[in-house]
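Below is one structure; the comments refer to it alone.
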Amino acid sequence: MLPAHLHEINAARDARRAMVVVSDLDTGETRLLRAEELSDPVSASAVESALRTGKAGLAGIGGRSVFINVHQPPPRIVAIGAGHIAQALAGMAAIAGFDMVIIDPRGSMISPATFGTAALFAEQPEDVFQRRPLDAFTALAAVAHDPSIDDLPLTKALAAQCFYVGALGGKKSHAKRIERLAGLGVDDAAIARIHGPIGLDIRAANPAEIAVSILADIILSLRTRNVSATAI
Amino acid sequence: MPDTDPLTFAAEWHADGRDVAIATVIETWSSAPRPAGSHLVIDAQGNFQGSVSGGCIEEALVAEASDVIASGKARIAEFAVTDDTAQNAGLFCGGRIRVLIEKLR
């Protein structure tokens, strides 16, 4: 591998962009593929399949034996609202290998000691997004339980093609949320991507169990998502 | 979260002027503990970072990497992670893996 390629792979990871590396097993030559090169008809289907599944593997491209490796940025969970659910989620997310960010403009909610390794921001979510943009490798969990805090991050997450967008609240409050978001100009297809009520239905009965249901739902979305060429 | 990606170490070592080999799992059979795409990076002194087998065959790989660094020629090596090896390393892996070893240059 060339040092220049290695630097490009590392830079992509730092910038939270996906990178595909195709190694020719006979010549040892390495080729890096980014979004624009996915239109190359010879390699596109094998590369897109690797991107979609996140799985590396051997393939034949143009009569050559190659190994396709997929470098994806670490999945990240952004929780809006620093309550008990986010607190439980922070511990579990770290164990499951997710980077975790918690944002709550109500500064009084945030006590760093209770959130483990998660990055905490007592600011408006949109200010944090300017420095740390949402992306296709991010899951957004709106759990502030306050529309004035949760709604805007939901619209931003949908626009940024976050692989998971979920909002806390029962069916009734979700119906109201749908009305509000439609009023903000969010289209129906985007609104339909919101997991509301958030989490898998495991009859969760307390904040820790809700956190389990959210994390399980996020993992399900991560492992079954459609990664399009625009994500890289 | 600190960046513990083996490829970050490879870049740092290379910048320090050290000779570096990158090993990549390209194929696995049976219950190999680390999936295809996993990296181990090795320098000429035998220092390594990352994991391709969870500890079973890393030592054998370091020897292969030393040859690759000396010759500059990439090679593909196959390792059987026997149950005995696995248990000696305190693991329950088993299976076989094929690894591409190339020099960074």
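The values are calculated or read from the model by the stated rules, or taken from the named source; none is laboratory data. A quick note: this is a predicted structure, and the numbers were derived from the prediction, not measured. Every residue, glycine among them, receives a Cβ derived from its backbone with ideal geometry; neighbour counts consider all protein chains shown. Heads up: the accessible areas ignore ligands, DNA and RNA and are worked out on the full protein's heavy atoms, side chains in. Shrake-Rupley method; radii C 1.70, N 1.55, O 1.52, S 1.80 Å.
Each peptide in A:211-224, A:157-170 receives the mean, over its residues, of other Cβ atoms within 10 Å, and ordering these scores from highest gives A:157-170, A:211-224. With all protein chains kept in place, the per residue accessible area of the protein assembly as shown amounts to 47 square angstrom at a probe of 1.4 angstrom.
Taking springs between alpha-carbon atoms closer than 10 angstrom, which of A:R177, A:R16, A:R203 fluctuates most in the Gaussian network model of chain A? Per the Cα network of chain A with a 10 Å cutoff, A:R203 tops the list. Under a Cβ-Cβ cut-off of 9 Å, what is the net charge of the residues other than A:A82 that fall near it, where Lys and Arg count +1 and Asp and Glu count -1? Residues close to A:A82 contribute a combined charge of 0.
Basic side chains Lys and Arg get +1 at the Cβ, acidic Asp and Glu get -1 at the Cβ, and with that the dipole of segment A:51-134 about its Cα centre reaches some 460 debye.
Less than 13 Å Cβ to Cβ from B:A21, Lys/Arg counted +1 and Asp/Glu -1: what total charge do the surrounding residues give?
Surrounding charge for B:A21 is -1.
Chains A and B together bury some 1600 Å² of accessible area, summed over both sides, with a 1.4 Å probe.
The Cα center of segment A:163-232 and the Cα center of segment A:122-162 differ in position by 12 Å. DSSP assigns beta bridges within the protein assembly as shown; of those with both partners inside it, close to 65 percent run antiparallel. Taking the Cα centre of the protein assembly as shown as origin and assigning +1 to Lys and Arg Cβ atoms and -1 to Asp and Glu Cβ atoms, the resulting dipole is close to 800 debye. By the helix-only formula, in which each DSSP H run with n ≥ 4 contributes -39500 (n - 2.57) and the sum is divided by residues, the protein assembly as shown has a 222 nm mean residue ellipticity of -11000 deg cm²/dmol.
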